[in-house]
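Here's the structure, in structure tokens; my notes come after.
The values are calculated or read from the model by the stated rules, or taken from the named source; none is laboratory data. Predicted model, so just to flag it, every value in this text is computed and none were measured. Cβ atoms come from the backbone with ideal geometry, glycine included; neighbour counts cover every protein chain shown. Accessible surface areas use protein heavy atoms only, side chains included; no ligands, DNA or RNA. Shrake-Rupley method; radii C 1.70, N 1.55, O 1.52, S 1.80 Å.
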Amino acid sequence: MPLRSPNDRRRLLRALLAGGGLAAGAPRAFAQEAPAMQRGRLVVVFLRGACDGLSALVPWSDPEYARLRPSIAIAAPDGTASTAIGLDGRFALHPALAPLLPLWQEGTLAVVPAAGSPNRTRSHFEAQHHWETGLPDQSTGAPGWLNRLAAFDTPRPSQPRLLGVGEANPHILSGAVRARLIPRGAAATRAGVFGNDTAREALLELYGDDDRLSRAFRDGVESRLMSSKELAAERAAADNGAGGVAGLAGDARQLAALMRADPALRIGFLSAGGWDTHVNQGAATGQLASRLSGLAAALVQLRRDFDRPGDLVLVFSEFGRTCAENGSRGTDHGRGNAMWLLGRQVAGGRVHGRWEGLAPGNLNEGRDLPVLHDFRAVIAQPINRLFGLPDSRLAELFPGAAWDASLDALVRRG
Amino acid sequence: MTRPPLLQFPAAGLSRAALLASLLAGLAWATPGSGAGLASASPAAPSGTQLTDVQAIWRATTRLGYWPSPEQVTAIRVHPGGARGWALAEVDRAFDTSREPARVPEALHAVTAPLPTIFAEVRREREARLLAAQTAQDAGPMGVVVPSAAAPAVDSYLRTSGQQAAAWRMLGCSDPSIEHPLLARLTEFWFNHLNVFAGRATVRPFTGHYAVHAIRPNVLGRFEDLLIASARHPAMLFYLDQNQNVAEGTPGLNGRVRGLNENYARELLELHTLGVDGGYTQQDVRELARVLTGWTVDPAAPSGFRFVSRLHDAGGKVVLGRPFGGEGLAQGEREGVEAIAMLAANRATARRIALRLARFFVADEPPTALVDRLSAEYLATRGDLRRMMRLLVASPEFWDPANELFKTPYDFACSALGASAQAAPGNRAPGIGLALSFLVAAGQPVNGWQTPDGYRTDAATWLSPEALTRRADLAAALARGMGDPEYLLVFYGPRTLERLGRLPAGTRGALALAAPDFMRK
């Protein structure tokens, strides 16, 4: 059954009752009726390499947890800095994620603890591709789902609608709609040779033809001059002690600055690697803890910068890691994982969706957290509510995925 | 500002042929009798299904190396078999060179230091760092660790060995007097196929040695030998945690129990050999990990490798339906060697290697017929990479004008370095430093891809607007002191030449390196 939200079911029903006939429910009619994405801005943070969700969101009261992870379990909350930070009777945050606690408390941070892809691959690269296309049943070169989402808004835009920081050309942004891609750190703030009028004119003349390369170059010059101008102010603020441009938090700052400056950029993408902790992943401190603390800083930054009612930050990783630690105090490739959502309309301060615990009978292949919610169904909830995306578009975005009513409370109503 | 024309003739009304002839006349390598043939064919004009001679030279030198050095261009022009004949001979020359030691300059000695020396340096540095931390801790108030100004610079070996490994790659790809260009290309390709990441501190000091001693000697040998060399090298053993992969229940330190680590076994199947759709299961991953238990590093051995029986799972295993380690079968280290040979001989591996080579050298979406022939050659020759390369460079697909490739940032950095040094020889270090920084910002740092899949090399990944403009910055920085690079301009299209001709003389070097013609290979 395709994705179909209660809202649209109601609208369809109203249309039918009003005598509009079945045609009112046809995809074309809906697409014309509903102005897509009238409000929202979306930022996706992709944790490449399979972040260990069971360390980030600790199921501390489950007796299996400490048993499965004798040397890497995060200690149950006791109020001290080296133990997990209790959220409720079942879950707690990794101590390195302490900066997220205020967000949880104010109700703008929510989590779905056992989500993932229906595809069972344990390959990072194949799984990441599925998360980026939103098509877990195929490994084709289909455009990224963020690009397809942007295309609903503006089918043939001349200006970029998507912004990526850091990666050369992430698949999730690729497709017909132009994406603006900037490097990490200070490199993005420099106009380079294009600050020189003579050099710029000469280069533009060299790329004066109408082939793909020349067009890309001319677009690039324009976009680069804008980036350097817009980020210069950000840089000055950073130099005045507002935090540097290094690390994921720095990427977040630059992303926010450019999206603020150009309202047409409504979809942003950040990523961070280094989560593939097969060996010595650590516990309250160590390798994984330092990655998590960088993530926490970035999410706090994003929460600050994306505070409009329609803003949403989505955080996910291609799959989870084994529930039990392996022979080298690390974890191997697993299945289900936590997905994190931040925003004013997220029903935060709550764990959403199903959770069955870590008892042996509840694990996938006896080793992993199962996938209890399709990642596309999780994403569909806020996309539907915050972006006003109708059923027909949701079904186009994530063909084959089903609406998951058990997650209907994920986004605040009204 | 006066803008003298680039070439000493009126730009208006000039035919392409005349322009090219005029360019060629001034070139040292233009041999008698050949100018007319070249001049009659424009590098940029469509010419049916054949590359022109000039286009063929550009293709041969930029794909089977990085840039058209004048020596190479001359060699192609005088070769009786033309560009194709030269390319075939080039494969053999690269093979011969791969059997000789790499010409590593003294300044980059860490790259080729013996493995026990590298291990010893790493250990010395780790101990110095611990000592420094301890000293600082002892001195600090209330147990707070404070960095001590008197502490020795303890991370210098880690840092310099990583820098030297990256510098060696840049030197090798840009300077034909240091490294054979095709050998540099193949080292790039196979390093990337069997990627390791210098960002991991345990891996970093070994990346240079890995490139020079595990990859380079094997790039035109048998694929199986290359796989084994990579499997036994400390860089790979550390990178994919194979040094941690031991039999379940092996006693560890402090009463801990150690066990399997699947990381290397998985990537050996998924990336190095069969590919993700190669027909293996999670059970195969686990069984292969068991087969490989006990393969680990040896800091004292010249090879850096040892097999430790005590850590090996001696039980029976089944990988892809074939039993290992049981009665009457290979045992111990031999299990892993035979498993790797089995994977190398698999049809899925042949297909994967064929596809990746064709993508790298021919087109982002290579013709299926070529991939089929390469794959068949792999199977017929038991993975002889030299035979595959000979087939590839002799194939019509390699020379087909339709099979275009766009330079990756690495291609661009190497070719811009080489071409600028040609015009302004001197100390290479500043240029290499600039190129390495450029690659970091471009998202393709040398030895710096974190995950074992290696860099993508297609235009879809690298041809993006802002990134393209950043190439002009490197071009400008490298071109300081560079004159008009005639040896490049012979390959450029008439529109670019005309545009360059209108520019001030001092700027043409930078603009030639930043021109669209220079971005394709």
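Here are some notes:
- Which listed residue, of A:Arg291, A:Arg329, is assigned to a loop (DSSP other than H, G, I, E, B) and open to solvent by 10 Å² or more (accessible area, probe 1.4 Å): A:Arg329
- Screening B:Pro105 against (1) modelled with pLDDT under 95; (2) buried (at least 20 other Cβ atoms within 10 Å of the Cβ) leaves a single unmet condition, (2).
- Qualifying residue in the range B:446-454 (condition: in a helix (DSSP H, G or I), facing chain A (nearest Cβ under 9 Å) and open to solvent by 30 Å² or more (accessible area, probe 1.4 Å)): no
- A single member of A:Val300, A:Val279 is more than 16 Å from A:Val44 (Cβ to Cβ) and within 14 Å of chain B (Cβ to nearest Cβ), and it is A:Val279.
- Unique match (being more than 16 Å from B:Val285 (Cα to Cα), crowded, with 19+ Cβ neighbours inside 10 Å and touching a residue at least 24 places away in the same chain (Cβ under 8 Å)) among B:Ala350, B:Ala314, B:Ala344: B:Ala350
- Looking only at the range B:295-307, residues that are part of a loop (DSSP other than H, G, I, E, B) and without any contact (Cβ under 8 Å) to a residue 24 or more places away in the chain come to 1 in all.
- Residues (part of a loop (DSSP other than H, G, I, E, B) and touching a Pro at 6+ places or on another chain (Cβ under 9 Å)) located in the range B:248-270: B:Arg256
- Taken together, the residues in the range A:308-326 that are part of a loop (DSSP other than H, G, I, E, B) and over 16 Å from the mean Cα position of the chain (by Cα) amount to 7.
- Matching residues, the range A:50-72, being within 14 Å of chain B (Cβ to nearest Cβ), assigned to a helix (DSSP H, G or I) and open to solvent by less than 10 Å² (accessible area, probe 1.4 Å): none
- Of the residues making up the range B:319-339, those that are under 34 Å from the mean Cα position of the chain (by Cα), of a type outside the set (D, E, K, R) and either within 19 Å of B:Gln283 (Cβ to Cβ) or in a helix (DSSP H, G or I) (or both) number 5.
- Residues of the range B:506-521 classified as surrounded by fewer than 23 Cβ atoms within 10 Å (Cβ to Cβ), without any contact (Cβ under 8 Å) to a residue 60 or more places away in the chain and at the interface with chain A (Cβ under 8 Å from one of its Cβ atoms), total: 2
- The range B:259-271, residues that are out of contact with any helix residue (DSSP H, G or I) (no Cβ under 6 Å at 6 or more places or on another chain) and either touching a residue at least 24 places away in the same chain (Cβ under 8 Å) or more than 7 Å from chain A (Cβ to nearest Cβ) (or both): B:Glu267, B:Leu268, B:Leu269, B:Leu271
- Restricting the range B:272-294 to residues that are farther than 16 Å from A:His124 by Cβ, part of a helix (DSSP H, G or I) and open to solvent by less than 10 Å² (accessible area, probe 1.4 Å), the residue that is nearest to the other protein chains (Cβ to nearest Cβ) is B:Ala289.
- Considering only residues in the range A:165-190 that are outside any helix (DSSP H, G or I) and more than 9 Å from chain B (Cβ to nearest Cβ), the one that is surrounded by the fewest Cβ atoms within 10 Å (Cβ to Cβ) turns out to be A:Ala176.
- Out of B:Leu417, B:Leu488, B:Leu503, B:Leu497, one residue alone is open to solvent by less than 20 Å² (accessible area, probe 1.4 Å), in a helix (DSSP H, G or I), of a type in the set (A, V, I, L, M) and within 11 Å of chain A (Cβ to nearest Cβ). It is B:Leu497.
- Residue within the range B:364-372 that is open to solvent by 10 Å² or more (accessible area, probe 1.4 Å), within 13 Å of chain A (Cβ to nearest Cβ) and among the β-branched types (Val, Ile, Thr) present: no
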